[in-house]
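> Below you'll find the structure I mean.
Throughout, read-outs are computed from the coordinates displayed, never taken from laboratory work. In this text, all values refer to a predicted model and were calculated from it rather than measured experimentally. Cβ atoms come from the backbone with ideal geometry, glycine included; neighbour counts cover every protein chain shown.
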Amino acid sequence: MTITKKIELERTEIVGVFKAVQVRTIAVIEEDGEVLSTSPKRHVLHPSRCKRHKDGSYTHIVEDISGEFEEVQAVCNAVWTDDVKSKWRAKEEGDFDDGVYGFLPKDL
């Protein structure tokens, strides 16, 4: 009797003007090749995370995608252009027009 667990990439989606990358994986538990259970999981990746300091300055921490599937890394590297990263930083720092959806940079 051999029980195994594997994580499979089920779906990768690119969403919105800031090119958020949504990743859906599925954990598969098998016993002797027969699937016992599956469990989906979803997470969203952005080009960076932003931390605002007390003095009003910001620190942008680049998203670490090294632990993602190679396909996900390739998608992130393709869609997160310098322009997208710049607009994402502006959004994170609050330099955006609320617009209809609340996420449109002023220069878009």
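> Calculate, for T2 and A74, the FRET efficiency according to 1/(1 + (r/R0)^6) with r their C-beta to C-beta distance and R0 30 Å; round to the nearest 0.05.
Numbers: r = 32 Å, r/R0 = 1.08.
Using R0 = 30 Å, I get an efficiency of 0.40.
> Relative to the longest principal axis of the C-alpha atoms of the chain, give the angle of the C-alpha long axis of helix 82-92, reported between 0 and 90° and rounded to the nearest 10°.
Taking the Cα atoms of the chain, the angle to 82-92 is about 80 degrees.
> Mark the label point 7 Å from the Cα of E93 along Cα→Cβ and return the residues of segment 49-71 whose backbone N is within less than 20 Å of it.
The answer is 49-63, whose backbone nitrogens lie closer than 20 Å to the label point.
> Moving to a separate point now. Going by alpha carbons, how many degrees (0 to 90, nearest 10) lie between the helix axis of 70-79 and the longest principal axis of the chain?
20 degrees
> Suppose only helical runs count, i.e. DSSP H with n ≥ 4. What mean residue ellipticity at 222 nm does that imply for the chain under -39500 (n - 2.57) per run, divided by all residues and rounded to the nearest 500 deg cm²/dmol?
On the way: 2 runs with 21 residues, N = 108.
Calculated mean residue ellipticity at 222 nm is -6000 deg cm²/dmol.
> Still on this structure, please answer the following. Give me the number: length gained by fully extending L36 to L9, i.e. 0.36 nm times residue separation minus the C-alpha to C-alpha distance, one decimal in nm. Before the final figure, lay out each step's value.
Values: separation 27, 0.36 × 27 = 9.72 nm, distance 1.83 nm.
Separation in residues times 0.36 nm, less the Cα-Cα distance, equals 7.9 nm.
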